[in-house]
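Novice: One structure, pasted below without further comment.
The values are calculated or read from the model by the stated rules, or taken from the named source; none is laboratory data. Since the model is a prediction, treat every value here as computed from it, not as a measurement. Cβ placement follows ideal geometry from the backbone for every residue including glycine, while neighbour counts extend to all protein chains displayed.
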Amino acid sequence: MPQNEYIERHKKLYGRRLDYEERKRKKEAREPHKRAEKARKLRGIKAKLFNKERRNEKFSEKKIKAHEEKNVKQNTEKVAEGALPVYLLDRDVQSRAKVLSNMIKQKRKEKAGKWDVPIPKVRAQADAEVFKVLKSGKSKRKAWKRMVTKVTFVGENFTRKPPKFERFIRPMALRFTKAHVTHPELKATFCLPIIGVKKNPSSQMYT
C-alpha cells in the first residue's frame with residue numbers, strides 16, 4: 001500500500017464508527033441549509049467569490065442535465081383493446097424519445113450564416129498578432145524566438161529541433177490534427193484528420 005493511504009488502511013483494519021452512515025446522511029441534509037445561510041450572510045468580496053463559484057456549479061449542472069435530456073426514456077400509457085391481464089397491469093411501457101433542442105440549433109445556424117466570410121476577403125494577419133516574441137538568454141536580450149498564438153497544423157512526419165534552437169514554437173495545445181468538415185449533399189458533419197494545408201490567399205504568414 002502506498003505510504004500516504006493510511007486512512008484507507010485504518011478503515012480496512014478497524015472499520016468505521018457505528019453511526020457513520022447516519023452522521024453522513026445528516027451532514028448531507030444540512031448542507032443546503034448551510035449554503036443558503038452562507039449566501040445570505042456573506043458580504044463584500046467573499047460574497048462575490050461565493051456567488052461566482054455557485055454560478056459556475058449551476059452552469060455545469062445545466063450542461064449535465066441537457067446531456068441527460070438528449071436521450072430520455074418516457075413512459076407512455078398505451079391503451080390496449082380489451083382488458084389487460086393482471087400480470088401486465090403494473091408494467092409501464094417505455095418509449096425512447098429523442099429530445100432535440102431544435103430552436104437552439106436553428107439560432108446557431110442563423111448566427112453562423114450571418115458572419116460567413118469568403119476566404120479571400122479575410123484581412124491579412126499582422127506578425128505581431130500571429131507571433132509572440134520570446135526573449136531568451138541570461139539577461140533576456142536575445143529576441144529571435146517566436147511563439148505561435150493562433151491555431152496551427154503540424155504534419156505527422158515533422159520532427160522538432162532541440163528547444164534551444166527552435167525558432168518558431170508551436171504549442172501542443174494549438175496544434176490541430178482533425179477538422180469538422182460539412183458535406184453539402186449529405187447534410188452531415190464529419191470529424192476528419194487534416195492531410196495538409198493549402199496556402200492562404202490573404203496572408204502568407206497566417207496559412
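Novice: Being farther than 28 Å from Ala188 by Cα, assigned to a strand (DSSP E or B) and modelled with pLDDT of 70 or more is the requirement here; does Ala143 meet it? Steps first, please.
Specialist: On the way: farther than 28 Å from Ala188 by Cα: yes; assigned to a strand (DSSP E or B): yes; modelled with pLDDT of 70 or more: yes.
Considered against the rule, which asks whether it is farther than 28 Å from Ala188 by Cα, assigned to a strand (DSSP E or B) and modelled with pLDDT of 70 or more, Ala143 comes out as yes.
Novice: Looking at segment 36-51, which of its residues are surrounded by 10 or more Cβ atoms within 10 Å (Cβ to Cβ) and without any contact (Cβ under 8 Å) to a residue 12 or more places away in the chain?
Specialist: Initial filter on segment 36-51 (surrounded by 10 or more Cβ atoms within 10 Å (Cβ to Cβ)): 36-39, 42, 46-51.
Ala36, Glu37, Leu42, Lys46, Ala47, Lys48, Leu49 - these are the residues of segment 36-51 that are surrounded by 10 or more Cβ atoms within 10 Å (Cβ to Cβ) and without any contact (Cβ under 8 Å) to a residue 12 or more places away in the chain.
Novice: Look at segment 169-207 and say how many of its residues are within 27 Å of Met147 (Cα to Cα), part of a loop (DSSP other than H, G, I, E, B) and at pLDDT 75 or above.
Specialist: Here the count works out to 9.
Novice: Just to be sure I understand the filter: pairs with C-beta atoms under 9 Å, separated by 6 or more residues or on different chains, first member in segment 130-147 and charged (D, E, K, R), second member surrounded by fewer than 15 Cβ atoms within 10 Å (Cβ to Cβ) and in a loop (DSSP other than H, G, I, E, B). Which pairs pass?
Specialist: Lys132/Thr149; Lys135/Arg141; Lys145/Glu166; Lys145/Arg167; Arg146/Arg167
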